[in-house]
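K.L.:
Here it is, the structure in full.
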Amino acid sequence: MIEVKNINQSYTKHGKKKILENINLTVKEKAITALIGSNGAGKSTLLGVMSNLIAPLSGEVLIDGTDIRSIKPCELAKKIAVLKQTQHINIRITVEDLVEFGRFPHSKGRLNDFDRKKVKESLAYMSLTGLENRYLDELSGGQRQRAFIAMILAQDTPYIFLDEPLNNLDIKYSVEMMKVIRSLVTELGKTVIVVLHDINFASAYADYIVAMKKGRIIGEGHPDQVITKEVLDKVFDHDFNIVSYQGRNTCLYFDCVS
Ligand SMILES: Nc1ncnc2c1ncn2[C@@H]1O[C@H](COP(=O)(O)OP(=O)(O)O)[C@@H](O)[C@H]1O
Ligand SMILES: [Mg+2]
């Protein structure tokens with residue numbers, strides 16, 4: 001179980017400009033939690049703090065009751081896998097090399113048979129079998145993103161944090177990716193936190209939504225409790241219309257020319 005307790009964060013010395021303000025959150029197990037909110041709301045910073053990549057000004061993040069700061073990085077990497085918003089990979093590597101990186105916390109760079117089995121399984125799960133020897137720059141955007149998720153899967157952690165995994169994906173690949181993320185929960189029993197820009201995807205695929213604005217949580221709960229005019233107008237400073245589609249709240253956020 002992951003619990004976030006009274007987290008405050010600032011990038012300025014002495015904490016003048018608060019980026020996260022008194023964040024409290026209990027992450028739902030074996031479910032998808034979607035983080036939504038406008039640019040700069042603090043979503044990536046929150047994921048960073050929750051994975052011990054960013055030190056908070058105050059507060060703590062507990063995993064099964066233990067403060068994550070007291071867990072060795074290599075042990076924490078066996079519990080939480082993080083796909084950052086932008087991947088800074090400048091070297092030319094193959095899909096297989098990338099996915100093998102995911103095994104690093106387990107293999108320390110020397111893969112055994114079990115590690116290779118995990119790599120193979122992750123590639124197969126993400127429908128990348130046959131593309132192992134392709135270089136990342138030879139893949140379509142959708143395939144490349146699947147390769148990154150395969151790397152995360154190879155890490156074999158109960159918790160998976162994905163920061164805007166739909167970035168640069170077209171509609172078909174975005175829907176495909178959301179289905180895969182859903183299956184991580186339903187088939188593999190993972191606990192997923194995903195930052196999403198598309199609030200309708202959050203409404204359709206998430207079990208729980210956390211809406212952030214200016215470093216605070218403005219609303220959280222079941223999609224139908226958060227995808228409401230009242231919450232969304234406030235979170236995005238915008239005028240929303242909510243309609244029901246297949247039993248879930250869906251939002252429209254523009255008017256057509258008349
Ligand atoms: N490394 C950093 N140094 C200074 N300010 C930062 C840094 N990273 C993010 N910020 C600022 O913190 C705020 C929240 O950023 P971020 O967590 O990336 O928001 P989101 O992911 O919701 O768009 C923004 O105002 C951003 O400019
Ligand atoms: Mg972000």
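Coordinate-derived values only; no laboratory data. All figures in this text were calculated on a predicted structure; none of them were measured in a lab. Counting neighbours? That spans all protein chains shown, and the Cβs are built from the backbone with ideal geometry, glycine included.
K.L.:
What residues qualify as long-range amide H neighbours of Met212, i.e. H under 5 Å apart, gap of 5 or more or another chain, H built at 1.01 Å from N?
P.N.:
Ile36, Gly37, Ile218
K.L.:
Still on this model: Based on the alpha-carbon set only, what is the convex hull volume of segment 182-258 divided per residue, in Å³?
P.N.:
108
K.L.:
Sorted from fewest to most neighbouring beta carbons within 10 Å, what does the list Leu76, Leu57 look like?
P.N.:
Leu57, Leu76
K.L.:
Taking segment 10-132, how much of its Cα-Cα pair set, in percent, is spaced more than 23 angstrom apart?
P.N.:
Distances greater than 23 Å cover 47 percent of the Cα pairs.
K.L.:
If you put +1 on each Lys and Arg Cβ and -1 on each Asp and Glu Cβ, how big is the dipole of segment 87-156 around its Cα centre, in Debye rounded to 20?
P.N.:
That gives a dipole near 100 debye.
K.L.:
In nm, to one decimal, how far is the Arg110 label point from the Leu57 one, both placed 7 Å along Cα→Cβ?
P.N.:
4.6
K.L.:
Here is a follow-up. Can you list the aspartates and glutamates whose alpha carbon sits under 14 Å from that of Lys120, skipping same-chain ones fewer than 8 residues off?
P.N.:
In chain and number order, the partners are Glu96, Asp97, Glu100, Glu132, Asp156.
K.L.:
Return one number: the angle in degrees, 0 to 90 and rounded to the nearest 10, between the long axis of the Cα atoms of helix 141-154 and the longest principal axis of the Cα atoms of the chain.
P.N.:
It works out to around 70 degrees.
K.L.:
List every residue whose amide H lies under 5 Å from the amide H of Phe161, counting only residues 5 or more places away in sequence or on a different chain, with H placed 1.01 Å from N in the peptide plane.
P.N.:
Ala81, Val82, Leu83, Ile193
K.L.:
Below 11 angstrom from the Cβ of Ile152, what's the summed charge of the other residues (Lys, Arg +1; Asp, Glu -1)?
P.N.:
Neighbourhood net charge equals +2.
K.L.:
Equivalent ellipsoid semi-axes for segment 121-186, as square roots of 5 times the alpha carbon gyration tensor eigenvalues: give them largest first, rounded to whole Å.
P.N.:
17, 16, 10
K.L.:
When you have a sec, figure out the Kirkwood radius of segment 87-156 from all distinct Cα pair distances and drop it here in Å to one decimal?
P.N.:
It is 11.7 Å.
K.L.:
At a 10 Å Cβ-Cβ cut-off, how would you order Leu252, Leu188, Leu20, fewest neighbours first?
P.N.:
Ordered from fewest to most neighbouring Cβ atoms within 10 Å, Leu252, Leu188, Leu20 come out as Leu252, Leu188, Leu20.
K.L.:
Here is a further query. Have a look at Leu35, Ser70, Phe114 and report the one farthest towards the positive end of the charge dipole of segment 19-172, computed about the Cα centre with Cβ charges (Lys/Arg +1, Asp/Glu -1).
P.N.:
Value computed over the given set: Phe114.
K.L.:
Still on this structure, please answer the following. What Kirkwood Rh does the chain have if only Cα atoms enter the pairwise 1/r average? Answer in Å.
P.N.:
19.2 Å is the Kirkwood radius here.
K.L.:
With axes computed from alpha carbons, what is the tilt in degrees of helix 171-186 against the longest principal axis of the chain, rounded to the nearest 10 within 0 to 90?
P.N.:
80
K.L.:
Shifting gears a bit: If each residue's Cβ is checked for other Cβ atoms within 10 Å, how do Arg146, Arg216 rank with the fewest at the top?
P.N.:
Listing Arg146, Arg216 from fewest to most nearby Cβ atoms yields Arg216, Arg146.
K.L.:
Would you mind counting up the charge near Asn133? Only other residues with Cβ under 12 Å from its Cβ, with Lys and Arg at +1 and Asp and Glu at -1.
P.N.:
-3
K.L.:
Another question, if that's okay. In whole percent, what relative contact order does segment 87-156 give with Cα contacts below 8 Å and a gap of six or more residues?
P.N.:
In percent, rounded to a whole number, it is 49.
K.L.:
With the cut-off at 26 Å, tell me which of the pairs Lys5/Lys118; Lys17/Lys72; Lys17/Lys190; Lys79/Lys117; Lys5/Lys79 have Cα atoms farther apart than that.
P.N.:
From Lys5/Lys118; Lys17/Lys72; Lys17/Lys190; Lys79/Lys117; Lys5/Lys79, over 26 Å: Lys5/Lys118; Lys17/Lys72; Lys17/Lys190.
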